[in-house]
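Rule-based calculations on the coordinates, nothing more; no lab input. None of the values given here were measured: they were computed from a predicted structure. Positions of Cβ are backbone-derived with ideal geometry, glycine not excepted, and every protein chain shown enters the neighbour counts.
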Amino acid sequence: MTKINIHDMLTSYDKKNLTIATVCSHSSLQIFNGAKKEGFKTLGISVGEQKKIYEAFPLGKPDDFFIVEKYKDITKYAEELREKYVIVIPHGSFVEYLGPENFLTLNLPTFGNRKVLLWESDRDKERIWLEGAGLTMPQEIKDPKDIDKPVIVKYYGAKGGKGFFIAKTHDEFLKRVEKNKSYTIQEFVMGTRYYLHYFYSPIQDNAFPLSKGSLQLLSMDRRDETTIDEVQRLGSIQELEELGIHPTFVVTGNIPIVMRESLLPQVFDMGKAVVEKSLDLFGGVIGSFCLETVVTEDLTFKVFEISARIVAGTNPYISGSPYSELIQADLSTGRRISQEIKFAARKKLLEKILT
Ligand code: AMP
């Protein structure tokens, strides 16, 4: 990995003229809207005709576009982008389109700790992090022969739940599995899903206190996943499976949700533990992150995944959520990110939140 010298990059920056930039997709409307509310210039990195979509949303439209032929080209334009004092806000599609290697070596100041990618993209390391923090994860079934209850089979690197499947027996697993792909088998946790959107600031002490900095809960969502979430319209899963129709887990949207208030202490305990462990392991998960959880009938959480940057599940809350409204009116995750950058720029702490 090329050593990125954030200090040198920032020395040439005019801190009063920073530009918030991201790839035009995923949560970019929210990111631009939040940045504008905080008084930043905004730049949308885009391929082709996507610009037109933004014409329809003036308050989410970036001030300028930076058109590239393909997203991987962004690396080639790093110098040009630095001349615009660009700070990059990564989101899931940004990392995917650019490719993890290019993202890790991109020579642009980037919000958050890029090292986290190595810990969330490797399912073994992710488990070391989350279980090391004391969180309960779904049991992992190492040998498919040991399948004796419903499991979910996840292919490595599959995006948006693509190809994942449920199996209840070893035979069912053998019928469905694509042997040439790497996979992991997890206990299928019965319960209700909550995707929790946190924000960790290592430089501000105005929220739930941690050993260094503080933690906020900005919102939560439930993903809308096709076809699993609508499959019952056609019959029971069993009936459909017999016809060779298998439910899938492809994310198509996000639904706002709140949880019973008595669960919030557990939500903060989990968030705190994840951040504290990340500080030990790789210097901290900075800014937004999301724990993907199932609440079981005994009201405990099982965490099946972490996303260590802004997630699309924050999009329903461009003008605030039932939680962020209790912090500040009209506060989205996108806006919170820009606030953190503004605060850090004013206090000369940018190197603490950018990598
Ligand atoms: P993931 O890629 O790990 O986020 O998983 C995609 C989707 O599969 C999730 O959004 C859930 O709906 C479902 N899922 C993942 N892991 C589990 C699990 N262990 N138990 C039940 N459902 C799960």
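Go through segment 273-290 and give me each residue that's surrounded by fewer than 23 Cβ atoms within 10 Å (Cβ to Cβ) and either farther than 13 Å from Leu130 by Cβ or not basic (Lys, Arg) (or both).
Taking segment 273-290 first, the residues surrounded by fewer than 23 Cβ atoms within 10 Å (Cβ to Cβ) are 273, 276-277, 279-283.
Selection gives Ala273, Glu276, Leu279, Asp280, Leu281, Phe282, Gly283.
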Exercise for the section: Identify all residues within segment 187-221 that are within 16 Å of Phe289 (Cβ to Cβ), within 13 Å of the ligand (Cβ to nearest atom) and out of contact with any Gly (no Cβ under 9 Å at 6 or more places or on another chain); write none if there are none. Expected result: Tyr194
Practice task
Go through segment 294-327 and count every residue that is more than 16 Å from the ligand (Cβ to nearest atom), part of a loop (DSSP other than H, G, I, E, B) and farther than 28 Å from Arg114 by Cβ.
Solution key: 4
Handout entry: Residues of segment 222-246 satisfying the condition of being away from the ligand (no atom under 14 Å from the Cβ), over 15 Å from Phe164 (Cβ atoms) and surrounded by 15 or more Cβ atoms within 10 Å (Cβ to Cβ)
Key = Leu240
